[in-house]
Amino acid sequence: MDTIPDGRDITVTGQTRTWREGHCLLFGHSFEREARNAGNRPRTCLLIGLWHPEATLPERQALVVPSWTNSPRSPWSCLSPPHF
């Protein structure tokens, strides 16, 4: 069994990349993106939120996910805002 099956890729700002064993893909989610899963198995990704090192505390506070996204019906309910 392949660890990373064929048919999975992501396009960010017009550049398409595929996942490779032992490598990671890092991109800013503020950019236009599209992920595809043309395989026959589910795709699972680990999402990690990072702050830009020059972001100030007020900027970080302004960007935190609103509390309404933590409702059980929200698709984002599994996410918590990054720590300041």
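Read-outs: derived from the displayed coordinates by stated rules, not from any lab. Just so it is clear, the structure is predicted and the values come from calculations on it, not from any experiment. Reconstructed Cβ throughout: ideal geometry from the backbone, glycine too, with neighbour counts over all protein chains shown.
Can you give the extra length, in nm with one decimal, that the chain gains between Asn37 and Asp9 once fully stretched, where that is 0.36 nm per residue apart less the Cα-Cα distance?
9.4 nm
Label separation (Thr16 vs Ala55): 3.0 nm, computed from points 7 Å beyond Cα along the C-beta direction.
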